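S.K.: I'd like to ask some things about the structure below.
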Amino acid sequence: MQEYLKSLNENQREAVLHTEGPLMIVAGAGSGKTKVLTSRIAHLIHLGVDSFRILALTFTNKAAKEMKERIEHMLGNSEARNLYIGTFHSVFSRILRVEAERLGYPSNFTIYDTDDAKSVIKTIVKEKNLDDKTYKASVIYNRISSAKNSLYTYVQYQQDSDIQQEDARSNRPLIGQIFEAYSKRCFKNGAMDFDDLLVNMYILLSNFPEALSKYQMKFRYVMIDEYQDTNLAQYHIVKLLGAMHENICVVGDDAQSIYSFRGASMENIFQFQKDYEDVKVIKLEQNYRSTRNILDAANKIISKNENQIKKNLWTEKESGDKIRLVCSFTDNDEGKFVADAITELKIRNHQQNNDIAILYRTNAQSRAFEESLRRGNIAYKIYGGLSFYQRKEVKDFICYLRCVANPQDEEAIKRIINYPVRGIGNTTLNKISVFAQENNITYWQALNQLEAMGFKGATLTALQNFVMMIRHFQGLLDKKNAYELAEEIGKLSGLVKELYADKTVEGLARYENLQELLNSIKEYTETPTEDGELVERNLGSYLQQITLLTDTDNENDPDQNTVKLMTIHASKGLEFPNIFLVGVEETIFPSMMSMYDREDLEEERRLFYVAITRAKEKLWISYANNRYRFGSLVQNDPSRFIDELPAEMIDNSQGAKPRFNTPKAKGLFGNENAIQQKKVVNHTQTATHTATVNFKADDPAKLNEGMRVEHQRFGFGKIITLEGPMNNRIATINFDAPIGQKKIMLNYAKLSIVS
């Protein structure tokens with residue numbers, strides 16, 4: 001028996017040895033699918049199959065590289081270098097360069113990335129004298145991309161009455177014309193975008209029988225990784241390529257189908273069994289990654305989905321720790337808990353940063369964890385995305401704040417002066433720079449001498465409006481706190497409106513990030529000191545805090561031993577000994593848009609399943625009772641997915657409760673856990689007042705003006721006023737000397753009624 005076969009379990013070996021005919025390998029999470037694929041390719045070569053006749057398609061370059069390296073290691077020769085292993089786009093671009101003339105393209109055609117494509121669309125919109133706010137390039141690009149992935153040409157797009165009605169309802173009836181102009185422009189320029197690589201490969205195989213026969217003969221064996229992530233175009237291309245020999249092997253897991261927003265169709269994996277009469281289906285159900293408790297919880301969760309291929313993952317590993325369910329009072333407290341837990345893991349369990357990952361539903365959620373990790377001096381990296389404060393929309397908004405706080409900040413002015421677009425071009429900006437340099441004045445001073453530079457008409461008006469807007473904001477510096485001023489800046493600058501208008505997936509993410517930044521400012525202005533005292537929180541003090549938080553070196557150095565922060569989508573294919581799955585709350589996970597449709601909700605549950613199965617040894621699932629959203633402190637319910645976890649596998653020692661019997665704003669911070677509450681909220685206090693024996697905080701609803709109360713640190717005092725709603729109440733208290741009068745947020749600093 002060959003060495004590569006000896007380490008395989010029975011089902012894995014069966015999948016490797018089944019070389020002829022259609023084969024579907026249903027590979028559960030952590031079941032060794034990459035090992036099976038590489039072993040299968042190695043076995044084909046061992047049987048004498050020419051490596052040039054094997055095609056293996058993946059979704060990432062990383063996966064393709066790993067497969068090649070493993071095969072080289074198995075065979076100990078250079079045959080692996082001859083394999084066609086790569087992503088759909090890389091392999092198809094390689095073929096299309098050879099076949100370009102058939103399609104009317106030069107062999108050295110350009111491949112447009114997303115930015116290039118959007119730039120072409122912007123030019124077309126401008127040439128057609130269309131409103132670029134209505135016909136935003138990102139919206140149009142996504143619309144065209146979706147059509148191409150469904151194999152729609154611009155002709156079919158314009159002839160489809162349903163599509164035309166949908167565009168008309170969105171007030172964009174001319175998308176079809178832009179699609180046509182865009183397609184013709186790309187062809188004229190000898191360029192293909194990423195979607196064209198799929199579309200043109202399909203056209204090549206469909207419209208040119210000689211080319212189809214050539215590649216069917218060339219690729220006698222076709223293998224597809226992550227088949228559940230294929231879209232309609234990829235499905236048809238694979239079917240065409242494998243039609244002659246039918247030696248087609250697809251590997252996937254319907255339970256990990258989480259990319260419908262990219263056009264992926266889980267139906268492809270179900271359809272495969274219908275496309276071939278003699279298809280062999282092999283399930284890989286032995287998991288080599290996770291402990292039994294984690295795996296059993298994952299099985300229980302995914303069993304709730306109706307649309308699935310039934311399987312039951314099992315492992316020979318021990319039961320391991322129970323899943324730890326954690327409830328925090330606010331999202332900031334959740335961040336602090338995770339940072340503290342990571343520190344404890346490193347000290348007590350000798351874990352490295354690289355052994356730990358924090359997973360969340362959306363990128364906007366990273367902010368609280370980034371700040372807590374930085375304060376805890378824990379190195380981290382945002383995996384598959386930018387640090388929260390490095391994201392363009394966040395940097396743009398912070399530059400507005402910087403410009404208002406310090407108008408001499410030239411870089412901030414240059415970044416925002418024409419964003420959102422005000423008709424101020426580069427020629428104008430260069431002219432201002434030259435004038436400032438020649439007269440030895442700042443950029444802002446130059447902006448206040450516009451007529452001296454000879455500006456007239458629309459350009460002069462646009463510049464004057466910008467200057468007046470900044471002056472207006474500066475006039476509010478001493479009148480509004482940081483959040484009130486930031487909210488005003490967001491509205492009047494047009495930045496919030498600009499991002500809100502973009503309804504693409506990327507646009508919604510950018511809008512959420514901006515709202516998360518505003519939430520952090522709101523929380524900064526309303527969060528008291530550790531004693532519960534409210535202090536003045538102006539824009540200057542906020543910017544100083546943010547500057548200190550974001551001024552770090554090498555935070556994204558891939559060689560660093562870092563905790564990884566990422567969305568669950570980005571975590572697919574990865575594994576870590578310790579996983580913190582955070583923000584597991586209704587309207588976040590599942591998302592608000594997915595809660596009222598069965599298919600969408602089942603995809604959210606699959607996403608939850610993917611998150612759980614990333615954990616090898618320890619898993620924390622956490623949620624916050626209160627979270628700042630859109631400038632308000634909102635009370636949240638724990639996610640319905642938490643209810644679906646088996647109770648016998650959950651450790652509730654942190655005070656979290658299932659959704660159906662947990663009052664809002666209780667759990668970790670409920671009265672029954674007052675000791676733990678003090679640890680989390682007041683862990684840095686140095687007491688100056690010794691609290692009364694058996695001190696017990698009273699319900700804030702019982703407090704009235706004129707009452708005498710006791711504070712754990714400030715001592716005794718009299719309530720002067722009570723303000724705000726019951727869930728966010730503020731008390732002004734005149735404490736006995738030497739403390740004096742202070743404002744106290746009752747959600748943070750508890751009071752005991754004395755009389």
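The values are calculated or read from the model by the stated rules, or taken from the named source; none is laboratory data. It should be emphasised that the depicted structure is a prediction, and the values quoted were computed from it without experimental measurement. Heads up, the Cβs are rebuilt from the backbone with ideal geometry, glycines too, and the neighbour counts pull from every protein chain shown. With ligands, DNA and RNA removed, areas are computed over all heavy atoms of the protein, side chains included. Shrake-Rupley method; radii C 1.70, N 1.55, O 1.52, S 1.80 Å.
S.K.: Restricted to segment 703-749, and to residues that are under 25 Å from Val634 (Cβ atoms) and open to solvent by 50 Å² or more (accessible area, probe 1.4 Å), which residue is modelled with the lowest pLDDT? Step through it out loud before you land on a result.
M.R.: Of the residues in segment 703-749, the ones under 25 Å from Val634 (Cβ atoms) are 703, 722-731, 743-749.
So of that shortlist, the ones also open to solvent by 50 Å² or more (accessible area, probe 1.4 Å) come out as 723-727, 743.
Numbers: Glu723: 81, Gly724: 74, Pro725: 70, Met726: 69, Asn727: 65, Lys743: 79.
The extreme case among them is Asn727.
S.K.: Of all residues being in a loop (DSSP other than H, G, I, E, B) and polar (S, T, N, Q) in segment 547-593, which is modelled with the highest pLDDT? Just the residue, please. Please lay out each step first, then the result.
M.R.: Going residue by residue through segment 547-593, those that are in a loop (DSSP other than H, G, I, E, B) are 551-562, 572-575, 582-584, 586, 589-590.
Pick out the ones that are also polar (S, T, N, Q) and you get 552, 554, 556, 560-562.
Working: Thr552: 38, Asn554: 36, Asn556: 42, Gln560: 68, Asn561: 90, Thr562: 93.
Checked segment 547-593; the qualifying residue modelled with the highest pLDDT is Thr562.
S.K.: Related question: For the subset of segment 679-694 comprising residues that are modelled with pLDDT of 60 or more and more than 16 Å from Ile744 (Cβ to Cβ), which member is most open to solvent (accessible area, probe 1.4 Å)? Can you show your working first?
M.R.: The first filter runs over segment 679-694 and keeps only residues modelled with pLDDT of 60 or more, leaving 689-694.
When the remaining residues are screened for being more than 16 Å from Ile744 (Cβ to Cβ), the result is 690, 692-694.
Numbers: Thr690: 124, Thr692: 70, Val693: 123, Asn694: 143 Å².
So the residue we want is Asn694.
S.K.: Kindly indicate which of Asp162, Asp113 is acidic (Asp, Glu), touching a residue at least 40 places away in the same chain (Cβ under 8 Å) and loosely packed, with under 15 Cβ neighbours inside 10 Å. Break it down into steps so the answer makes sense when it comes.
M.R.: Values: Asp162 fails: touching a residue at least 40 places away in the same chain (Cβ under 8 Å).
Result of the check over Asp162, Asp113: Asp113.
S.K.: Does segment 377-395 contain at least one residue that is of a type in the set (Val, Ile, Thr) and in a helix (DSSP H, G or I)?
M.R.: Going residue by residue through segment 377-395, those that are of a type in the set (Val, Ile, Thr) are 378, 382, 394.
This time we only want the ones that are in a helix (DSSP H, G or I), so: 394.
Within segment 377-395, one or more residues are of a type in the set (Val, Ile, Thr) and in a helix (DSSP H, G or I).
S.K.: Inspect all residues belonging to segment 238-248 and state whether any of them is touching a residue at least 60 places away in the same chain (Cβ under 8 Å), in contact with a Pro (Cβ under 6 Å, 6 or more places away or on another chain), open to solvent by 20 Å² or more (accessible area, probe 1.4 Å) and in a loop (DSSP other than H, G, I, E, B).
M.R.: We begin by selecting, within segment 238-248, every residue touching a residue at least 60 places away in the same chain (Cβ under 8 Å); these are 238, 241-242, 246-248.
Filter once more, so that each one left must be in contact with a Pro (Cβ under 6 Å, 6 or more places away or on another chain): 246, 248.
Cutting the leftovers down to open to solvent by 20 Å² or more (accessible area, probe 1.4 Å) gives us 246.
From what is left, the residues that are in a loop (DSSP other than H, G, I, E, B) are 246.
Yes - at least one qualifying residue is present in segment 238-248.
S.K.: Given the conditions (1) open to solvent by less than 10 Å² (accessible area, probe 1.4 Å); (2) farther than 30 Å from Asn268 by Cα; (3) in a strand (DSSP E or B), which single one is not true for Phe329?
M.R.: (1)
S.K.: Being outside any loop (DSSP other than H, G, I, E, B), touching a Pro at 6+ places or on another chain (Cβ under 9 Å) and surrounded by 15 or more Cβ atoms within 10 Å (Cβ to Cβ) narrows it down to one of Ile432, Ile398, Ile413, so name that one.
M.R.: Ile413
S.K.: Considering each of Glu526, Glu451, Glu506 in turn, give the residue that is free of Cβ contacts under 8 Å to residues at least 40 places away in the same chain and either open to solvent by 40 Å² or more (accessible area, probe 1.4 Å) or at positive phi (or both). Don't jump to the end; show me each part of the working.
M.R.: Values: Glu526 fails: free of Cβ contacts under 8 Å to residues at least 40 places away in the same chain; Glu506 fails: free of Cβ contacts under 8 Å to residues at least 40 places away in the same chain.
Step by step, each of Glu526, Glu451, Glu506 is checked, and only Glu451 is free of Cβ contacts under 8 Å to residues at least 40 places away in the same chain and either open to solvent by 40 Å² or more (accessible area, probe 1.4 Å) or at positive phi (or both).
S.K.: Which pairs do you get when a residue that is farther than 18 Å from Ala509 by Cβ and at pLDDT 90 or above, found in segment 387-411, comes within reach of a residue that is among the aromatic types (Phe, Trp, Tyr) and in a helix (DSSP H, G or I), reach meaning Cβ atoms under 7 angstrom, with the pair 6+ apart or on two chains?
M.R.: Final answer for the pair search is Val404/Phe473.
S.K.: Here is a follow-up. Residues to consider are Val16, Val36; find the one that is free of Cβ contacts under 8 Å to residues at least 40 places away in the same chain, part of a helix (DSSP H, G or I) and either aliphatic (A, V, I, L, M) or out of contact with any Asp or Glu (no Cβ under 7 Å at 6 or more places or on another chain) (or both). First the steps, then the outcome.
M.R.: Numbers: Val36 fails: free of Cβ contacts under 8 Å to residues at least 40 places away in the same chain.
Only one candidate passes the filter, namely Val16.
S.K.: Considering only segment 48-63, state which residues are of a type outside the set (Asp, Glu) and open to solvent by 10 Å² or more (accessible area, probe 1.4 Å).
M.R.: Gly48, Val49, Phe52, Arg53, Phe59, Thr60, Asn61, Lys62, Ala63
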